[in-house]
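Q: One structure follows; several queries about it will come next.
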Amino acid sequence: MAPAHRDPRIPAPASGKPWRNAALVGACLVLAALPVLLGASNYLLGLLISALILSGIALAWALLGNLGGMVSFGHAAFFGVGAYASALISARLGVPVLLAIPLAGLCAALSALAMLPTLRLSGPYFALAILAYAQIFRILATEATGLTGGGAGLQRFPGLPTILGLDLGSRTGSYGLLVAMVALSALAYEAIRRSHVGTALRAIAHSEDATRVVGVNSVLLKAWMLLLSAFMTGVFGALNAHIIGFLEPAYAFSGLWSVMPIIAAIFGGYRTVLGPIGGAIVIYLFDQLVAKDLIAVGHQILLGLVLVVMVLIAPNGLLGLLKRRAGGRPHADA
Amino acid sequence: MLTLEAVTVRFGGLVALREVSFGLQAGEILGLVGPNGAGKTTLFNVISGLTRARGTIRFEGRDITALPLHARARAGIGRTFQIPQPMKHLSVRENLTVAQVFGAGRHDPARIEEILDVMELRAQGDRDAEGGLALQELKRLEIAKALATEPRLLLLDEVLAGLESQAKRQFMGKLKELHARFRLTIVIVEHDIETISGLCSRAVVLNFGQVIADATPAEVFRNPLVVESYTGTADA
């Protein structure tokens, strides 16, 4: 039988250089394992855990910003809803924590349904609407004392369990779990970005009418990105809740959960997958190890300065800067 | 194939289209003619779903008046814009892929290559659709995108504008080829009498948002009302 020949004029589907991606993933995992292998202190592991939580939210924010073309100032709502939902589902309903966490992600996505009408808004109007929306959840969490404990907070809910002898509640266990969750989120993001849906979303961000006129339901695709971003943020909110073991509205719905991911994603390069992750780790460690020492109260002001400098010297973020130095393309796609 | 019944569009106090009614048979090439501001592009926006209107629009027997823009593309209505609107930051080939996957509901790379060949865009396939193409290439991309959605009705908005007469004649040949090859029904907005006469079996003339003539091109261009709408005098 004659071998089947592909029409040479037809370009092969984008392979995305799988060997390169595999090497990149391998390098990232080795890098992630280093703190544990080198016997990092509990303090350092604690910082890295918080940085990875921030990485997850920054990635979710970038998914909405880069693929959905929407700038959100309201991710604190999804983070807080995920945190409270997981704590309540596991404590009140007795659902195992590892099942409560994805359910909490679904709760965060459900809470985002209320935001769907705002998808018809664009630019600053969407940003303002979602900012107001986040405040509503903070007020609800404070006022619903019977459910959330109100301003006094919520303490009695289970921590992360032990699975196959690995205590996920320990610093090492939590760190490993978060590395896996961030990696999973990054893979999901990358799969969407490389799909036809990802291509259409890129087009919607810059030319919405031109995209709709060829049959793309832009509102539906943006809605999916909002729900997915809310789900991811809710999952990381839930993980954080079970790691720290305490929740109060002022913490769970703090504006910092909206602002820090933005700073981290833009600093790292929000149009890439690795940028928000790397940006969150660098920004958080800089904040905790350097900025806090320099200015004890209001140290976040230094993050603003760092971001301004980064935007001025490298608009494509840290990853874009590294690629430029390495002689790569300015449009990072890693 | 397409029926417009008393279609009216108002922008504030301005009536852009007033009670426009006409029908279109499958396989026809219809010229839509009229002076600037007559409502031709508004009518395309109404048929393709970009602008809401009063009245009724039926396509292949189905009332599509309430269908949104993307659903009309999926129903089989493709269009081009007078000022080309490529999907920015995407290559030419990606533009066609998005149009095919979402407009036609399938992914057939061989068909995309066929369209690139027909529209003489294969060499530009990997170029950025926004910054990498000349104006005429952008106009061909407009048609290619619409073809990728596998339309049965194609709305062409001044795709021949800016071409010299020799190039215009060649492009008219290309449009006839597309009409036969893809079994299209075409509505084309065009000012040039020679183009309308050479391409269309019928012409509808709009003036101040109203249909003032609907006949063969030869009859239309002899109609005193049409002459007056263009020149301001019936004696010209």
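The values are calculated or read from the model by the stated rules, or taken from the named source; none is laboratory data. All figures in this text were calculated on a predicted structure; none of them were measured in a lab. With ideal geometry, Cβ positions are generated from the backbone for all residues, glycine too; neighbour counts draw on all protein chains shown.
Q: Within the stretch A:244-334, which helices (runs of 4 or more DSSP H) (wholly inside it) include 2 or more residues that are more than 21 Å from the chain's Cα centre (by Cα)?
A: A:300-313, A:317-325
Q: Would you point out which residue out of A:GLY26, A:GLY39, A:GLY65, A:GLY46 is within 28 Å of A:GLY245 (Cα to Cα) and in a helix (DSSP H, G or I)?
A: Among A:GLY26, A:GLY39, A:GLY65, A:GLY46, only A:GLY46 is within 28 Å of A:GLY245 (Cα to Cα) and in a helix (DSSP H, G or I).
Q: Starting from residues that are in a loop (DSSP other than H, G, I, E, B) and in contact with a helix residue (DSSP H, G or I) (Cβ under 7 Å, 6 or more places away or on another chain), keep the ones in the stretch A:195-215 and report whichever is farthest from the other protein chains (Cβ to nearest Cβ). Walk me through how you get there before you give the answer.
A: At the first step, the residues of the stretch A:195-215 found to be in a loop (DSSP other than H, G, I, E, B) are A:195, A:207, A:213-215.
Okay, now just the ones that are also in contact with a helix residue (DSSP H, G or I) (Cβ under 7 Å, 6 or more places away or on another chain), so A:213-215.
Details: A:VAL213: 6, A:VAL214: 4, A:GLY215: 3 Å.
It comes out as A:VAL213.
Q: Ok, one more. Considering only residues of the stretch B:94-127 that are among the small types (Gly, Ala, Ser) and at the interface with chain A (Cβ under 9 Å from one of its Cβ atoms), which is surrounded by the most Cβ atoms within 10 Å (Cβ to Cβ)? Don't jump to the end; show me each part of the working.
A: Taking the stretch B:94-127 first, the residues among the small types (Gly, Ala, Ser) are B:99, B:103-105, B:110, B:123, B:125.
Still in the list and also at the interface with chain A (Cβ under 9 Å from one of its Cβ atoms): B:99, B:103-105, B:110, B:125.
Working: B:ALA99: 31, B:GLY103: 27, B:ALA104: 21, B:GLY105: 11, B:ALA110: 10, B:GLY125: 17.
Result: B:ALA99.
Q: Could you tell me which residue of the stretch B:145-184 is farthest from the other protein chains (Cβ to nearest Cβ), considering only residues that are among the aliphatic types (A, V, I, L, M) and assigned to a loop (DSSP other than H, G, I, E, B)?
A: B:LEU163
Q: Further, regarding this structure: Restricting the first residue to the stretch A:139-151 and requiring it to be farther than 11 Å from A:LEU88 by Cβ, which pairs with a second residue that is of a type in the set (Lys, Arg) meet a Cβ separation below 8 Å and a spacing of at least six or different chains?
A: none
Q: Here's a follow-up. Which members of the stretch A:136-165 meet the condition of being loosely packed, with under 13 Cβ neighbours inside 10 Å and either under 24 Å from the mean Cα position of the chain (by Cα) or farther than 13 Å from A:ILE244 by Cα (or both)?
A: Of everything in the stretch A:136-165, those that are loosely packed, with under 13 Cβ neighbours inside 10 Å and either under 24 Å from the mean Cα position of the chain (by Cα) or farther than 13 Å from A:ILE244 by Cα (or both) turn out to be A:ILE139, A:THR145, A:GLY146, A:GLY151, A:ALA152, A:THR162, A:ILE163, A:LEU164, A:GLY165.
Q: Out of all the residues in the stretch B:11-34, is one or more among the hydroxyl-bearing types (Ser, Thr, Tyr) and at pLDDT below 95?
A: Yes, the stretch B:11-34 has at least one match.
Q: I need the full set of residues from the stretch B:46-66 which are part of a strand (DSSP E or B), surrounded by fewer than 16 Cβ atoms within 10 Å (Cβ to Cβ) and in contact (Cβ under 8 Å) with a residue 40 or more places away in the chain, in order please.
A: B:ARG54, B:THR56, B:ARG58
Q: Still on this structure, I have one more. Assuming B:GLU130 fulfils every condition listed in (1) of a type in the set (Asp, Glu); (2) more than 14 Å from chain A (Cβ to nearest Cβ); (3) at negative phi apart from one, which condition is it?
A: Every condition holds for B:GLU130 apart from (2).
Q: A follow-up question, please. Would the stretch A:203-213 turn up any residue that is within 21 Å of the chain's Cα centre (by Cα), surrounded by fewer than 19 Cβ atoms within 10 Å (Cβ to Cβ) and without any contact (Cβ under 8 Å) to a residue 40 or more places away in the chain?
A: no
Q: Another question, then. Look through A:ALA183, A:ALA134, A:ALA188, A:ALA108 and report the one residue that is out of contact with any His (no Cβ under 6 Å at 6 or more places or on another chain) and more than 30 Å from A:LEU29 (Cβ to Cβ).
A: A:ALA134
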